[in-house]
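Inspection log for the structure reproduced underneath, given as structure tokens.
Every number in this text was worked out from the coordinates using simple rules, so none of it is lab data. Remember, it's a predicted structure, so these values are computed and weren't measured experimentally. Cβ coordinates were reconstructed from backbone atoms using ideal geometry, including for glycine residues, and neighbour counts include every protein chain displayed.
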Amino acid sequence: MPAPILIFAWGNPSRGDDALGPIFIEHVEALAARHPEWGEIDTLTDFQLQVENALDLQGRQRVLFVDASINTPAPCQLERISPRKDDTFTTHAMSPQSVMQVFVDIEDEAPPPCWLLSIRGERFELGEDLTEAAQANLQAALQRAAEWLDGAA
């Protein structure tokens, strides 16, 4: 039986600030261990979203997708998202909205409520370390996620 809450982050730990997603998961797991009031939470991380991830939405009450983005205002942005078939639907890297649409297509029902937490990143080059700005943005994103887990979002 899946946990009612899923937090799914993606990114490449070898590409500078693209590591924000996987690092976020490490930190949120430690936070969740200190906050039993949040209830049971599943976490997932991968290099990118894929069609198969639609199955990870099954049985959830809420889902938080987390990714690094150079186009997000610093430090981070949290938004409610809806299913949408977009250009990523036929590529090797999908948007969370497209994953939600696959869920609709295979389950013939609405997906659980989903949000996207985008964390501002600056540098995404192979072999780069996490920038200082990204580290600060990560802390703000963790605070925003804690508010979401408290039900404030």
Can you tell me the dipole magnitude for the chain around its Cα centre, using point charges on the Cβ only (Lys, Arg +1; Asp, Glu -1), in Debye to the nearest 20?
300
Go through segment 62-79 residue by residue and turn each phi into a ³J(HN,Hα) via Karplus (6.51, -1.76, 1.60, θ = phi - 60°); whole Hz please, and just put x for glycine and proline.
8, 9, 10, 8, 9, 8, 7, 8, 7, 9, 8, x, 5, x, 6, 9, 10, 9
Projecting the Cα atoms of 74, 96, 44 onto the charge dipole of segment 25-110, where Lys and Arg contribute +1 and Asp and Glu -1 at Cβ, the residue farthest towards the positive end is 74
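First check a/c for segment 4-77, with a ≥ b ≥ c the square roots of the eigenvalues of its C-alpha gyration tensor; if it is under 1.5, answer rounded, and if not, answer prolate when a/b is larger than b/c or oblate otherwise.
Since a/c reaches 1.5 but b/c is at least a/b, the shape of segment 4-77 is classed as oblate.
Quick check on packing: order 36-43, 95-102, 120-127, 8-15 by the mean number of other C-beta atoms within 10 Å, highest mean leading.
95-102, 8-15, 120-127, 36-43
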Evaluate the relative contact order of segment 5-149 (contact order divided by residue number), counting alpha-carbon pairs under 8 angstrom at least 6 apart; express in whole percent.
32
To the nearest 0.05, the calculated FRET efficiency linking residue 35 and residue 80 through their beta-carbon distance, R0 being 30 Å, is 0.85
Order of 63-72, 106-115 by packing, highest average Cβ count within 10 Å first?
63-72, 106-115
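What are the membrane-span-like helices in the chain by this rule: whole DSSP H runs, Cα extent along the axis at least 18 Å, mean Kyte-Doolittle hydropathy at least 1.0?
Helix filter hits for the chain: 20-33.
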For the chain, what size does the Cα cloud have along each of its three principal axes, sorted from largest down, in whole Å?
44, 39, 23
Amide H neighbours of residue 81 at under 5 Å, excluding residues fewer than 5 places away on the same chain, with H built from the backbone geometry, are 114, 115, 116
Hz values of 3J(HN,Hα) by residue in segment 47-60 - Karplus curve (6.51, -1.76, 1.60), Gly and Pro given as x:
6, 7, 7, 9, 3, 4, 5, 4, 5, 5, 7, 4, x, 9
Sum of -39500 (n - 2.57) over DSSP H runs of 4+, divided by residues of the chain (222 nm, nearest 500):
-9500 deg cm²/dmol
